[in-house]
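Quick notes on the structure that follows.
The values are calculated or read from the model by the stated rules, or taken from the named source; none is laboratory data. Predicted model, so just to flag it, every value in this text is computed and none were measured. Neighbour counts are summed over all protein chains in view; Cβ atoms, including those assigned to glycine, are modelled from backbone coordinates with ideal geometry. All accessible areas refer to the heavy atoms of the entire protein, side chains included, with ligands and DNA or RNA removed. Shrake-Rupley method; radii C 1.70, N 1.55, O 1.52, S 1.80 Å.
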Amino acid sequence: MKLNKLTNRIYFLEHDPEADRPMLAYLKGDKLSLAVDAGYSAAHVQNFYEAVESEHFRKPDFTVITHWHYDHTFGMHAISGISIAHDKTNEFLKDQQEQARDSGYMEDLKKEDEHFRKEYYGQEKLNIVLSDIAFSDKMTLDLGGLTARIFHTVSPHSEDTVCVYVPEEGVLFLGDSTSEDFFNDGYMDKNKLHSLIQTIQSVDCEYCILSHCEPLGKEELLAYLYSLEA
């Protein structure tokens, strides 16, 4: 596995449909580096870091979480550097920690989700951690010639959805924000979708990056979202 180059300073390890692993991104500033999402597991993180190091890049100084779902957060204990998440993300992860105290919880996840079963085959324990830094609205990181504008937004997918906008590169990371709510019987809240569409429209970007597909142009994504809204 190797990093794919999106722009001169943004790279990504593509999503893996077989295990439903999300895309993990690497933002290379002049002084600091930032990863988008912490991955499904320690193995996922390791694969990402091997790809990063093969490009002779250092491991990320920061990792920002787009939302609490386990394919984006259960690798957080294995990351290098400082993790950043929304307050609500940590609330959800605290609940996951409580549930994981039950020895049967991991087995239940394996029974319910074939992808989880593949990712955690042969493993019997989960290591769920909270982020090092939590925020409620927005924050900005100056990576050196590269800015990461991190902000909470309304989304039909999850209450804690966080986006990352990189103005210098014209890139907006959206996590899984455009998807339905899988933890609410796949419900698609059209009002929340409309609000998200307005957010995307307001951002001056060329690329929109979703976690489980290839990078999309802004207008291409908006056309798809308009069809969902209709």
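Residue count for the range 94-134, restricted to those that are more than 20 Å from the chain's Cα centre (by Cα), polar (S, T, N, Q) and more than 23 Å from ASP185 (Cβ to Cβ): 2. Looking at GLU220, is it part of a loop (DSSP other than H, G, I, E, B) and among the charged types (D, E, K, R)? Criteria not met by GLU220. Being under 15 Å from the mean Cα position of the chain (by Cα), within 22 Å of ALA19 (Cβ to Cβ) and not basic (Lys, Arg): is that true of SER158 here? Judged against the criteria, SER158 is a match. The one condition from (1) assigned to a strand (DSSP E or B); (2) touching a residue at least 40 places away in the same chain (Cβ under 8 Å) that LYS5 does not meet is (2). Residue-level check: of (1) touching a residue at least 24 places away in the same chain (Cβ under 8 Å); (2) among the β-branched types (Val, Ile, Thr); (3) open to solvent by 50 Å² or more (accessible area, probe 1.4 Å), THR140 misses just (1).
In the range 190-201, the residues that are without any contact (Cβ under 8 Å) to a residue 60 or more places away in the chain reach residues that are open to solvent by 40 Å² or more (accessible area, probe 1.4 Å) and in a helix (DSSP H, G or I) with C-beta atoms within less than 7 angstrom, at least six apart or across chains, in these pairs: LYS190/GLU229; LEU193/LEU228; LEU193/GLU229; HIS194/GLU229; ILE197/GLU229. Condition check for ASN8 on (1) out of contact with any Ser or Thr (no Cβ under 8 Å at 6 or more places or on another chain); (2) open to solvent by less than 50 Å² (accessible area, probe 1.4 Å): one failure, at (2). Of the residues making up the range 132-162, those that are part of a strand (DSSP E or B), touching a His at 6+ places or on another chain (Cβ under 8 Å) and closer than 22 Å to GLY75 by Cα are ALA134, PHE135, HIS152, VAL162. Entry remark, the range 183-207: residues being hydrophobic (A, V, I, L, M, F, W, C) and either open to solvent by 30 Å² or more (accessible area, probe 1.4 Å) or in contact with a Gly (Cβ under 7 Å, 6 or more places away or on another chain) (or both) number 3 in total. When GLU214 is tested against (1) free of Cβ contacts under 8 Å to residues at least 24 places away in the same chain; (2) open to solvent by 80 Å² or more (accessible area, probe 1.4 Å); (3) closer than 28 Å to ILE82 by Cα, just one condition goes unmet, and that condition is (1). The set of residues from the range 20-60 being of a type in the set (Asp, Glu) and within 16 Å of the chain's Cα centre (by Cα) comprises ASP20, ASP37.
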